[in-house]
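Below: one structure, written as structure tokens.
The values are calculated or read from the model by the stated rules, or taken from the named source; none is laboratory data. Predicted model only: the values in this text are computed from it and were never measured. Glycine gets a Cβ as well: all are built from the backbone with ideal geometry, and neighbour counts include every protein chain shown.
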Amino acid sequence: MGFYTGRTGSLVFNSKPVAKIRDWSLDTTVELLSTNTIDSVSSTFTPGVKSATGSATLVYYRLEGGESASYTQFTELLAKLHKIGAITESDRVLLTLNVGGGSADDIQFYAYITSAQISVATGELSVVPIQFTVDGDFLSGGTIS
Amino acid sequence: MPFPSLVPSARAFAPGDWPIKQYKALSGAEIRIRYGDLRTEATLDLTFENILDTAAAGFLTHYNETQGTFYTFSLPANVFQGWTASSSLINNPSGAAWRYEGPPNITSVYRGRSTVQVKLIAVV
């Protein structure tokens, strides 16, 4: 398949890609536990807990007639945080990030939206940048392979 | 089972003192009487960070075998690794032996990994 660009990327929620997304990113890290001893001359580690956080910029775009069958509107994600009342476990979302369109490019996980911003500026498209934290491990088959 | 032969990740040693009693007169003059000729109550605090649980369990086994703070024991050379001067300087004083000052403290930090803290005191 060769190179990929943002043109083929997507963020899927509720089994449908979110309409008009500008970008997404995912950062996976592992906490390293030091196994240094007093006589060590170089740091040594053993792997600890893995975690992942990410962000996406959704365009403030209202679906037009007929689009709702194919796309998720940004409000469905925004409503997981920007809402009246407490955030509960029911606000955990199943997200699928995809780089290139094929299932081998899928990254699938549960996450909580931890930050949502609504950004409006003269001369620019209104956007909704969000940040999320992955809850649990990546789902089976949900890593780039 | 002897004391686990592991190299600690941190070690703190205090040399203790001779058994001395101090008396102070109303004038402020101080008189000291030494009741023994052996230095005693040296302390050694050891930390074994992020070791395998199986290795941490060795400390519990050893603590059981010494019946807690009751029996004394010697320490393996690994405990003094990283100290480039004579290890006898940070070991128990001559004529004394180590015992547990209290139970080892084991903190589970990750699946299969624990941090163990041990406090020892040298007694005659």
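Screening the stretch A:22-35 for residues that are hydrophobic (A, V, I, L, M, F, W, C) and touching a residue at least 40 places away in the same chain (Cβ under 8 Å) and picking the one that is nearest to the other protein chains (Cβ to nearest Cβ) gives A:26. Screening the candidates A:94, A:139 for the property of being modelled with pLDDT of 95 or more, within 21 Å of residue A:15 (Cβ to Cβ) and under 17 Å from the mean Cα position of the chain (by Cα) yields one hit, A:94. The criterion of at least 2 residues that are under 30 Å from residue A:31 (Cα atoms) is met, among strands (runs of 3 or more DSSP E) falling completely within the stretch B:64-124, by B:105-110, B:113-123. Of the residues that sit in the stretch B:76-100 and are more than 14 Å from chain A (Cβ to nearest Cβ) and under 21 Å from residue B:47 (Cβ atoms), which one is surrounded by the fewest Cβ atoms within 10 Å (Cβ to Cβ)? Of everything passing the filter in the stretch B:76-100, B:89 is surrounded by the fewest Cβ atoms within 10 Å (Cβ to Cβ).
Would you check if there is a residue in the stretch A:70-79 being loosely packed, with under 14 Cβ neighbours inside 10 Å and of a type in the set (S, T, N, Q)? Scanning the stretch A:70-79, I find at least one residue that is loosely packed, with under 14 Cβ neighbours inside 10 Å and of a type in the set (S, T, N, Q), so the answer is yes. Please specify each residue of the stretch B:13-55 satisfying the condition of being away from chain A (no Cβ under 11 Å) and either closer than 15 Å to residue B:90 by Cβ or crowded, with 17+ Cβ neighbours inside 10 Å (or both). Result: B:13, B:14, B:15, B:16, B:39, B:40, B:41, B:42, B:43, B:44, B:45. Restricting the stretch A:39-69 to residues that are among the hydrophobic types (A, V, I, L, M, F, W, C), surrounded by 12 or more Cβ atoms within 10 Å (Cβ to Cβ) and away from every other protein chain (no Cβ under 14 Å), the residue that is nearest to residue A:120 (Cα to Cα) is A:59.
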